[in-house]
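*Asks:* I'd like to ask some things about the structure below.
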Amino acid sequence: MTIQQAQTEIEEEFELFDDWMQKYEHLIELGKDLPQISEEHKDDEHLIKGCQSRVWLDARLENGRVRYSADGDALITKGIISLLVRSLDDQPAADIVEADLKFIDRIGLKEHLSPTRANGLLSMAKQMKFYALAFQAQNGDAYG
Amino acid sequence: MTADEVQELRKEFPILGEHVHGQPLIYLDNAASSQKPLQVIDAEAQYYRHSHSNVHRGVHQMSQRATEAFEQAREKTRVFLNARETAEIIFTKGCTDAINTVAHGFGQTLSKGDEVLISHLEHHSNIVPWQMACERSGATLKVIPMKTDGTLDWSEELLTEATRIVAVNHVSNALGTINPVERIIADAHAKGAQVLIDGAQSGPHMAIDVQALDADYYCISGHKVYGPTGIGVLYGKLDRLKELPPYQGGGDMIKEVRFEGTTYAEPPFKFEAGTPNIAGAVALGAAFDFMASVGTERIARHEESLRKLGEEALMEIDGLRIYGTAKNKASVISFLIGTNHPYDTGVLLDQMGIAIRTGHHCTQPIMDHYDIPGTARASFAAYNTEEEVLKFVDGVKRVAQMLQ
Ligand SMILES: Cc1ncc(COP(=O)(O)O)c(C=O)c1O
């Protein structure tokens, strides 16, 4: 599945909900399936500072694809992270660097990625891309 | 206030008609900032439409009008705080700015061996300026401990011969505790220490009498007393203000400027360098008029009944804990639901149109005391209704279910 396909799938999934409560309940459920960052990586180095809720993110390269794991201490934050991970995980670094994340906007959760929200999610999205960029540089053109 | 009276009052606040996420706004973030009545909004516009120029020393009519409006606001503020003289009323940018004015000036009179006493319940605005003053002067910062119910563990033994100033809030913004400032002031004075009271949260909720309290300094925030942002008040006893070194230098605060040296103006002007927030002061005056017309005691009683209603109903929710259970409390309810993060509570309530605040409320030491990342906090104002409080409690119940 490409990033685009994964995002379309999420959008279709969210179209099923006609009220905000269902949407948020689903988001909370999704957060529970987040690929968990290992406990020893829940440290300052992996912490994304977002003032209110804390988010930890890790990434590694596996067969030329970026694999993410994460955690957060608020459920809604975790739900949004899981959407970002679902769209970018197991994809080539070059595609991640190029990816746009407007699907969050389209499913009506834009405010959570707003720079005025003190939840660290925007920095988190940036950090995901930053990891991809670093892997891309590391590997020269091999996977790019 | 009767339900009808509150409904009448609400008509004065245009913003209360707003909708968020398609729901009518229920605004319960008043401890962070209260909404503004028409009287205040109009006063600012009227000032700019009919009376604006720069204040003081102008010979023309507009400058006269601006000066009169500004000085009239000072007089209204004097009445609000029951200060002896208008010279004791300094307009600042806010409560933070007022505290910094004192901490900076007073800090210059501190030296190694001196002690500054603050409390565990302080807002960062009444911690950091004193830490800075202590760092610069070598003085020691000491802390009045808190008890788990959110009250201060006050004892006059905390005062020593070396205590130069005590800085505490009248009401805690995070927990709502009303602190025994009368006693702290009396004890401190008996030991020869001065006292600054951070009145950011008491201003909107109780009648303040700085003379009866005998506080040396008292600070309030305009935007929390139904006034505009960017304006606040520093009250200081005249003798104290005469001794206190000025904070910022510039126009308006001087008597004479020569390259060889400058002499300063008398208070309050000594502390009002530069063109002040004239429109803000004028609108703040209107906010005091508004509070007087509603009646401070009436506002306090109304908010007290809303808080009790909210607390009793919330306590019935399984796993809900209220932080700050002092007997003497102002209109704040800080809480957590089970092990849930307050951020989730805040986001879900927002979807229902209910505005509360979540986080550490600029009081990290309090959160550390409870070993929590923050709380969800609802806080009430004169225009909140019982119906809103009950809708809020219902909202919290729904949140508790969703987060289970
Ligand atoms: C207890 C307390 N002190 C100080 C402040 C800061 O006031 P201002 O916003 O006017 O600087 C606040 C506001 O949050 C407060 O609640």
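*Asks:* Suppose the filter is without any contact (Cβ under 8 Å) to a residue 60 or more places away in the chain, open to solvent by less than 30 Å² (accessible area, probe 1.4 Å), assigned to a helix (DSSP H, G or I) and away from chain A (no Cβ under 14 Å); does B:SER53 pass it?
*Replies:* So B:SER53 does not fit the description; no.
*Asks:* Then there is this: Among the residues of region B:5-26, write down those that are buried (at least 16 other Cβ atoms within 10 Å of the Cβ) and either within 16 Å of the ligand (Cβ to nearest atom) or in a loop (DSSP other than H, G, I, E, B) (or both).
*Replies:* Across region B:5-26, the qualifying residues are B:GLU12, B:PHE13, B:LEU25.
*Asks:* Could you tell me how many of the residues in region B:227-241 are open to solvent by less than 20 Å² (accessible area, probe 1.4 Å) and in a loop (DSSP other than H, G, I, E, B)?
*Replies:* Within region B:227-241, residues that are open to solvent by less than 20 Å² (accessible area, probe 1.4 Å) and in a loop (DSSP other than H, G, I, E, B) number 3.
*Asks:* Which condition from (1) within 13 Å of chain A (Cβ to nearest Cβ); (2) in a helix (DSSP H, G or I); (3) in contact with a His (Cβ under 6 Å, 6 or more places away or on another chain) is the one that B:LEU348 breaks?
*Replies:* (3)
*Asks:* Is one or more of the residues making up region A:17-34 closer than 17 Å to A:LYS126 by Cβ and buried (at least 19 other Cβ atoms within 10 Å of the Cβ)? Before you say what the answer is, go through the steps one by one.
*Replies:* Restricting attention to region A:17-34, the residues satisfying the condition of being closer than 17 Å to A:LYS126 by Cβ are none.
Within region A:17-34, not a single residue is closer than 17 Å to A:LYS126 by Cβ and buried (at least 19 other Cβ atoms within 10 Å of the Cβ).
*Asks:* Give me the residue from region A:90-100 that is free of Cβ contacts under 8 Å to residues at least 60 places away in the same chain and not in a helix (DSSP H, G or I) and, out of that set, farthest from the chain's Cα centre (by Cα).
*Replies:* Step one: list which residues in region A:90-100 are free of Cβ contacts under 8 Å to residues at least 60 places away in the same chain, which gives A:90, A:92-94, A:97-98, A:100.
Now narrow it down to the ones that are not in a helix (DSSP H, G or I): A:90, A:92, A:100.
Details: A:ASP90: 12, A:PRO92: 15, A:ASP100: 12 Å.
Only one residue fits best here, namely A:PRO92.
*Asks:* So which of B:VAL59, B:VAL128, B:VAL102 is within 16 Å of the ligand (Cβ to nearest atom), surrounded by fewer than 18 Cβ atoms within 10 Å (Cβ to Cβ) and outside the structural domain of B:ILE366 (by TED's automatic domain parsing)?
*Replies:* Just a single option satisfies the conditions, and that option is B:VAL128.
*Asks:* Of B:GLY359, B:GLY374, which residue is buried (at least 23 other Cβ atoms within 10 Å of the Cβ) and either within 15 Å of the ligand (Cβ to nearest atom) or within 17 Å of A:GLU111 (Cβ to Cβ) (or both)? Steps first, please.
*Replies:* Working: B:GLY359 fails: buried (at least 23 other Cβ atoms within 10 Å of the Cβ).
Of the residues listed, the single one that is buried (at least 23 other Cβ atoms within 10 Å of the Cβ) and either within 15 Å of the ligand (Cβ to nearest atom) or within 17 Å of A:GLU111 (Cβ to Cβ) (or both) is B:GLY374.
*Asks:* Then there's this: Can you find a residue in region B:379-395 that is surrounded by fewer than 17 Cβ atoms within 10 Å (Cβ to Cβ) and either of a type in the set (Val, Ile, Thr) or part of a strand (DSSP E or B) (or both)?
*Replies:* There is no residue in region B:379-395 that is surrounded by fewer than 17 Cβ atoms within 10 Å (Cβ to Cβ) and either of a type in the set (Val, Ile, Thr) or part of a strand (DSSP E or B) (or both).
*Asks:* Whether any residue in region B:264-272 is touching a residue at least 24 places away in the same chain (Cβ under 8 Å) and exposed (fewer than 13 other Cβ atoms within 10 Å of the Cβ) is what I want to check.
*Replies:* yes
*Asks:* What about B:THR358, is it closer than 25 Å to B:GLU312 by Cβ and in a loop (DSSP other than H, G, I, E, B)? Steps first, answer last, please.
*Replies:* Values: closer than 25 Å to B:GLU312 by Cβ: yes; in a loop (DSSP other than H, G, I, E, B): no.
Taking the combined requirement at face value, the residue does not satisfy it.
*Asks:* Let me ask another. Within region B:344-353, identify whether any single residue is open to solvent by less than 30 Å² (accessible area, probe 1.4 Å) and either within 18 Å of the chain's Cα centre (by Cα) or of a type in the set (Asp, Glu) (or both), and answer yes or no.
*Replies:* yes
*Asks:* Also: Among A:SER38, A:SER53, which is among the hydroxyl-bearing types (Ser, Thr, Tyr) and either within 14 Å of chain B (Cβ to nearest Cβ) or closer than 13 Å to A:GLN127 by Cα (or both)? Spell out the reasoning first.
*Replies:* Values: A:SER38 fails: either within 14 Å of chain B (Cβ to nearest Cβ) or closer than 13 Å to A:GLN127 by Cα (or both).
So the residue among A:SER38, A:SER53 that is among the hydroxyl-bearing types (Ser, Thr, Tyr) and either within 14 Å of chain B (Cβ to nearest Cβ) or closer than 13 Å to A:GLN127 by Cα (or both) is A:SER53.
*Asks:* Right, something else. Which residue out of B:THR296, B:THR339 is more than 16 Å from the ligand (Cβ to nearest atom), open to solvent by 10 Å² or more (accessible area, probe 1.4 Å) and within 14 Å of another protein chain (Cβ to nearest Cβ)? I'd like the intermediate steps shown before the answer.
*Replies:* Values: B:THR296 fails: within 14 Å of another protein chain (Cβ to nearest Cβ).
Within the list B:THR296, B:THR339, the selection yields B:THR339.
*Asks:* Which of the residues spanning region B:105-125 are within 12 Å of the ligand (Cβ to nearest atom) and hydroxyl-bearing (Ser, Thr, Tyr)?
*Replies:* Hits for region B:105-125 are B:SER119, B:SER125.
*Asks:* Of all residues in region A:47-72, how many are within 24 Å of B:MET367 (Cβ to Cβ), open to solvent by 20 Å² or more (accessible area, probe 1.4 Å) and not in a strand (DSSP E or B)?
*Replies:* Here the count works out to 4.
*Asks:* Here's a follow-up. Does any residue in region A:102-127 that is more than 14 Å from chain B (Cβ to nearest Cβ) come within less than 6 Å, Cβ to Cβ, of a residue that is among the acidic types (Asp, Glu) six or more places away or on a different chain, and which pairs are these?
*Replies:* A:PHE103/A:GLU11; A:ARG106/A:GLU11; A:ILE107/A:GLU11
*Asks:* What are the residues in region B:180-199 that are assigned to a loop (DSSP other than H, G, I, E, B) and buried (at least 24 other Cβ atoms within 10 Å of the Cβ), if any?
*Replies:* Hit for region B:180-199 is B:GLY199, nothing else.
*Asks:* Which of the numbered conditions does B:ARG183 fail, given that it passes all the others? Conditions: (1) within 30 Å of B:ALA300 (Cα to Cα); (2) within 16 Å of the ligand (Cβ to nearest atom).
*Replies:* Of (1) within 30 Å of B:ALA300 (Cα to Cα); (2) within 16 Å of the ligand (Cβ to nearest atom), only one is false for B:ARG183: (2).
*Asks:* All but one of (1) open to solvent by 10 Å² or more (accessible area, probe 1.4 Å); (2) closer than 26 Å to B:LEU403 by Cβ hold for A:GLN5; state the number of the condition that does not hold.
*Replies:* Result: A:GLN5 fails condition (2) only.
*Asks:* Among the listed residues B:ALA139, B:ALA162, identify the single one that is assigned by TED's automatic domain parsing to the domain that holds B:HIS104, buried (at least 21 other Cβ atoms within 10 Å of the Cβ), over 18 Å from the mean Cα position of the chain (by Cα) and not acidic (Asp, Glu). Outline the logic, then answer.
*Replies:* Working: B:ALA162 fails: buried (at least 21 other Cβ atoms within 10 Å of the Cβ).
Criteria check complete, one pass: B:ALA139.
*Asks:* Could you say which residue among B:PHE70, B:PHE91 is within 16 Å of the ligand (Cβ to nearest atom) and in contact (Cβ under 8 Å) with a residue 60 or more places away in the chain? Before you say what the answer is, go through the steps one by one.
*Replies:* Details: B:PHE70 fails: within 16 Å of the ligand (Cβ to nearest atom).
Unique residue meeting the criteria: B:PHE91.
*Asks:* Out of curiosity, is B:GLY192 within 15 Å of the ligand (Cβ to nearest atom) and within 23 Å of B:PRO129 (Cα to Cα)?
*Replies:* On the way: within 15 Å of the ligand (Cβ to nearest atom): no; within 23 Å of B:PRO129 (Cα to Cα): yes.
Taking the combined requirement at face value, the residue does not satisfy it.
*Asks:* Something else about it: Condition test on B:THR325, is it more than 16 Å from the ligand (Cβ to nearest atom), within 11 Å of chain A (Cβ to nearest Cβ) and in a loop (DSSP other than H, G, I, E, B)?
*Replies:* Here the answer is no, as B:THR325 does not meet what is asked.
*Asks:* Let me ask you something else. What residue, of A:ARG60, A:ARG86, is under 11 Å from the mean Cα position of the chain (by Cα) and more than 10 Å from chain B (Cβ to nearest Cβ)?
*Replies:* None of the others qualify; the one that does is A:ARG86.
*Asks:* OK, next. Restricting attention to region B:208-226, and to residues there that are more than 13 Å from the ligand (Cβ to nearest atom) and in a helix (DSSP H, G or I), which single residue is surrounded by the fewest Cβ atoms within 10 Å (Cβ to Cβ)?
*Replies:* Step by step, filter region B:208-226, then rank; the result is B:ALA212.
The values are calculated or read from the model by the stated rules, or taken from the named source; none is laboratory data. Keep in mind that this is a model prediction, so the values were computed, not measured. Note that we place each Cβ from the backbone using ideal geometry, even for glycine, and neighbour counts take in every protein chain shown. Protein only, heavy atoms only, side chains kept; ligands, DNA and RNA dropped before computing areas. Shrake-Rupley method; radii C 1.70, N 1.55, O 1.52, S 1.80 Å.
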